[in-house]
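Down below is the structure, laid out as structure tokens.
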Amino acid sequence: MDFWYKVCCCCCSREEELEKNPLVVGDTLQYFNQLQKRRRSEAVNLWSEPADSTHMERDDDHELYMLLQKRSKLRRGSEGYRRVSFDISAHRQIRRKVKDRWKQVLEALGFKAEADGLLAITPGTSYESLRNPQEACRLLNALAEKTTIFDRHRGGPPERYLFVLERLLLLDVGEDFLSAARHFYPMEGEGEGGSSSSEGPSSPDPVLVKLNSDAQGEEEEEEEEDGDDDNDEVDEAD
């Protein structure tokens, strides 16, 4: 009787020890926290060069990053904080406007349900993953030179859209996207002899494809994001 009592007690004590052990170790938990912060930062700030984790290589990324750093040192709600927040919001609005244009063209090509997934760029994105870098670069430059989809984006077209064009090339709709973008956002004078841009592009039949969307909602209230964003940018710089 004593023997089985000892065995049961031993098993119970071992189970209690196992239950006390964390399922996720500290380093792993920290990694996922940092990954979540970077994804939230990417969704909010739409970095022009996503592979640059320092946000120092492009002038427009550097400027936005420095504004975020400056605001993190100011008292929340102060006049200086609100003034810098206005500048940050202006930068973000320009980037959201460009993304909305891309989404409009994708939806016109039949990718209404997949547009967010096609436009989503994850923190792990790298240029080494590109299969058709030269063709993607050619299309990116053509969009910058022959359309106003980027407006007059300082520092050249955002390189984040290289990865979007790569996906479109894999779907064999890269040229279709360029044609549709030229219709919706023609250079000054090009649209006078053509049809109205409100009629939609004269593109082939819609090409539909199912993609997993990693896009996060970017329509969050800026006042709720401000505190987290400042901390996220400081963490990325470390």
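A few points about this structure:
- Taking segment 65-82 as the range and being open to solvent by 100 Å² or more (accessible area, probe 1.4 Å) and either part of a loop (DSSP other than H, G, I, E, B) or within 24 Å of THR54 (Cα to Cα) (or both) as the test, the residues that pass are LYS70, LYS73, ARG75, ARG76.
- The residues of segment 105-148 that are outside any loop (DSSP other than H, G, I, E, B) and basic (Lys, Arg), listed by number, are ARG138, LYS146.
- When THR148 is tested against (1) surrounded by 21 or more Cβ atoms within 10 Å (Cβ to Cβ); (2) closer than 27 Å to GLN93 by Cα; (3) not basic (Lys, Arg), exactly one condition is not met: (1).
- The single condition among (1) at pLDDT 95 or above; (2) surrounded by 16 or more Cβ atoms within 10 Å (Cβ to Cβ) that LEU130 does not meet is (1).
- Evaluation of ILE121 against (1) modelled with pLDDT of 95 or more; (2) surrounded by 14 or more Cβ atoms within 10 Å (Cβ to Cβ) (one fails), failing number: (1)
- Of the set (1) of a type in the set (Lys, Arg); (2) in contact (Cβ under 8 Å) with a residue 40 or more places away in the chain; (3) open to solvent by 30 Å² or more (accessible area, probe 1.4 Å), all apply to ARG160 but (3).
- In segment 83-92, the residues that are open to solvent by less than 40 Å² (accessible area, probe 1.4 Å), farther than 18 Å from MET56 by Cα and among the charged types (D, E, K, R): none
- Residue satisfying condition, being touching an Asp or Glu at 6+ places or on another chain (Cβ under 6 Å), closer than 15 Å to LEU46 by Cα and among the basic types (Lys, Arg), within set ARG160, ARG154: ARG154
- Figure legend. Inter-residue proximity from segment 42-66: first residues on the phi > 0 side of the Ramachandran plot, second residues of a type in the set (Phe, Trp, Tyr) and part of a helix (DSSP H, G or I), beta-carbon distance below 9 Å, spacing 6+ or different chains. Indicated pairs: HIS55/TYR65.
The values are calculated or read from the model by the stated rules, or taken from the named source; none is laboratory data. Computed from a predicted structure; not experimentally measured. Cβ sites come from the backbone with ideal geometry, for glycine too, and all protein chains shown count toward neighbours. Heavy atoms of the whole protein, side chains included, go into the accessibility calculation; ligands, DNA and RNA do not. Shrake-Rupley method; radii C 1.70, N 1.55, O 1.52, S 1.80 Å.
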